[in-house]
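What follows is a short report on a single structure.
The values are calculated or read from the model by the stated rules, or taken from the named source; none is laboratory data. The shown structure was predicted, so the numbers you read here are calculated from the model rather than taken from an experiment. Don't worry about glycine lacking a Cβ; one is built from the backbone with ideal geometry, like all the others, and counts go over all protein chains shown.
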Amino acid sequence: MTQGGIILLLAALSAHGHQVRTEKAEVTCMAQALYYEARGEGQDGQEAVAEVILQRVRSGGHPDTICGVVREPRQFSFLTDGSTLRELDADAWQSAKQLAARIVRGELVTSLTRRAQFYHQIDIQPAWASEMVRTAKIGNHVFYRLPGRSHDEGRATQVRLTVQPVHGASSKPRSA
């Protein structure tokens, strides 16, 4: 093999390694959101949370990676409320990781929330909900999209919603 061929092979292997690491990180971020936000909701509830995260990734108004959306400030309470410090339920965590892997690889595509980008628990009525179009109720969560906009339009409105002041952990649109 020529020196140029070796360099191309090394570059391809390096790129593949980066892609594998990126996918693994995205699966982990998705699994965390599914586990902490909806582990008691069954597969439909977890798929619905995943759908919100993926809609946000595609929206243009939020980070363009799963990890970016999940770690977006003030969106997922599990990142700040101490939930991650508690011992994991091993079976539920494994199930969330398996589902997350299928979703990230594109093996499972759902439309349970009808392009929702926001959600909240049913026992909470955030002020922003009245400005949204309710799209679904799945388990203990209610899902919303922006009014009069498709899933990938309206960046300015989405950014405004993202930076509203938080009055308690659940007063913000939750997503990913």
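So the values come out like this:
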| read-out | value |
| --- | --- |
| Every residue from region 142-153 that is at pLDDT 95 or above and either more than 19 Å from the chain's Cα centre (by Cα) or over 15 Å from SER59 (Cα atoms) (or both) | VAL142, PHE143 |
| Selection within region 55-76 - buried (at least 22 other Cβ atoms within 10 Å of the Cβ) and under 17 Å from ARG114 (Cβ atoms) | GLN55, ARG56, SER59 |
| Subset of region 100-130 (residues that are assigned to a helix (DSSP H, G or I) and loosely packed, with under 14 Cβ neighbours inside 10 Å) | ALA127, SER130 |
| Criterion violated by ARG134 - all others in (1) assigned to a loop (DSSP other than H, G, I, E, B); (2) in contact with a strand residue (DSSP E or B) (Cβ under 9 Å, 6 or more places away or on another chain); (3) farther than 27 Å from THR22 by Cα; (4) among the charged types (D, E, K, R) satisfied | (1) |
| Scan of region 56-69 for residues that are touching a helix residue (DSSP H, G or I) at 6+ places or on another chain (Cβ under 9 Å) and in a helix (DSSP H, G or I), ordered by number | ARG56, VAL57, SER59, ILE66, CYS67, GLY68, VAL69 |
| Qualifying residue in region 84-99 (condition: within 11 Å of the chain's Cα centre (by Cα), surrounded by 23 or more Cβ atoms within 10 Å (Cβ to Cβ) and not hydroxyl-bearing (Ser, Thr, Tyr)) | no |
| Residue match in region 23-41 (condition: without any contact (Cβ under 8 Å) to a residue 40 or more places away in the chain and in a helix (DSSP H, G or I)) | yes |
| ARG160 being modelled with pLDDT under 95, surrounded by 14 or more Cβ atoms within 10 Å (Cβ to Cβ) and more than 17 Å from GLY45 (Cα to Cα) | no |
| Candidate set from region 70-83 (those that are part of a helix (DSSP H, G or I) and of a type in the set (S, T, N, Q)); member that is farthest from the chain's Cα centre (by Cα) | SER83 |
| Count of residues meeting criterion [of a type outside the set (Val, Ile, Thr) and within 21 Å of ALA136 (Cα to Cα)] in region 40-76 | 18 |
